[in-house]
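Structure, as structure tokens:
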Amino acid sequence: MIDLLCANSGRVTTLKRVTYLVLDDVDRMFDMGFEPQVMKMVDNVRPSRQTVLFSATFPRQMDVLARKILTKPLKITVGGRSVMSKDVTQYVELMNDDEMFI
């Protein structure tokens, strides 16, 4: 039995036994044109699932998606809509292509 499965949208779409569905950065997937694949994946998970949706930004289109796929959603907002929080410190490290996956 599989305890945890991580996959790109469109790669795994037969998910009838999945209990927990975690969607991270769905707004980016939609921006890249993957909305049909995301929705197909959601439609193939059993209705009694627990769904968790994460996004650094939460544009208005995400409200529509949340209403469609979440049951009794709880929204936690840090900062404003589509704005980075001043309380979050970000670190950036520039790397060459050959160093990225070490």
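The values are calculated or read from the model by the stated rules, or taken from the named source; none is laboratory data. Not measured: the values here are computed from a predicted model. Methodologically, a virtual Cβ is constructed for each residue, glycine included, from the backbone with ideal geometry; neighbour enumeration extends over all protein chains shown.
With acidic (Asp, Glu) and at pLDDT 80 or above as the only criterion, which of 27, 87 stands out?
It is 27.
Identify, please: which residue in region 16-59 is surrounded by 11 or more Cβ atoms within 10 Å (Cβ to Cβ) and of a type in the set (S, T, N, Q) and is, among those, farthest from the chain's Cα centre (by Cα)?
44
Of all residues in region 38-71, which are within 21 Å of residue 17 (Cα to Cα) and in a strand (DSSP E or B)?
Passing the criteria: 45, 50, 51, 52, 53.
Looking at region 4-24, which of the residues that are of a type outside the set (S, T, N, Q) and at pLDDT below 65 is nearest to residue 60 (Cα to Cα)?
10
When you check residue 65 against the structure, is it at pLDDT 85 or above, surrounded by 12 or more Cβ atoms within 10 Å (Cβ to Cβ) and on the phi < 0 side of the Ramachandran plot, yes or no?
no
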